[in-house]
Amino acid sequence: MRIYEDKLIFIEVETSQIPWLKIFPIKKYKELSDCDEKTRKKLLDTMLLIESQMIKYYNPKKINIAMFGNYLPHLHIHVMARFEEDSYFPEPMWGKKQRESNLNLPSFKVFIDKLIKAI
């Protein structure tokens, strides 16, 4: 689900038990180094804003940031709030599930509303 878009980037929600957003440039690039300076700055500034907002709102154990693009060769950045109680911690979300988990987190909708206002 797309929650934000401007001339340079868009942000999507990854369906997950944890707060997880993906940032894409509007123009398709394979690598971060392929981006023009303005797009690269917008991507990285948005990544840092999401990270700081997740820390402030959720107080996670860790923020994970990833840029793989092996299956989807369109540059995108994953930003995930991680908790010791989530099903995969300390493994990556693509790793081996460690446990069943029933996280009781503050509202994701409220977080998104706050984030959009901050952007």
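With the condition kept exactly as written, say whether any residue in region 5-15 is of a type outside the set (V, I, T), closer than 20 Å to S101 by Cβ, touching a Phe, Trp or Tyr at 6+ places or on another chain (Cβ under 9 Å) and in contact (Cβ under 8 Å) with a residue 60 or more places away in the chain.
Initially, region 5-15 is screened for residues of a type outside the set (V, I, T), giving 5-8, 10, 12, 14.
With the extra rule that they be closer than 20 Å to S101 by Cβ, the set shrinks to 14.
From the residues that got through so far, the ones that are touching a Phe, Trp or Tyr at 6+ places or on another chain (Cβ under 9 Å) too are 14.
Now drop any that are not in contact (Cβ under 8 Å) with a residue 60 or more places away in the chain, which leaves 14.
Yes, some residue in region 5-15 is of a type outside the set (V, I, T), closer than 20 Å to S101 by Cβ, touching a Phe, Trp or Tyr at 6+ places or on another chain (Cβ under 9 Å) and in contact (Cβ under 8 Å) with a residue 60 or more places away in the chain.
Tell me which residues, restricted to region 91-118, are modelled with pLDDT under 95 and in contact with a strand residue (DSSP E or B) (Cβ under 9 Å, 6 or more places away or on another chain). Correct list: P92, M93, W94. Contact map, region 61-89: residues that are surrounded by fewer than 19 Cβ atoms within 10 Å (Cβ to Cβ) paired with residues that are acidic (D, E), Cβ distance under 6 Å, separation 6+ or inter-chain. Pairs shown: K61/E84; I63/E51.
Just so you know, in region 1-54 the residues that are of a type in the set (F, W, Y) and surrounded by fewer than 18 Cβ atoms within 10 Å (Cβ to Cβ) include one that is farthest from F108 (Cα to Cα), and it is F10.
If you go through region 38-78 and keep only what is closer than 22 Å to I112 by Cβ and basic (K, R), you end up with K42, K56, K61, K62.
The values are calculated or read from the model by the stated rules, or taken from the named source; none is laboratory data. Values in this document were obtained by computation on a predicted structure and should not be read as measured data. No Cβ is skipped: glycine too gets one built from the backbone with ideal geometry, and neighbour counts run over all protein chains shown.
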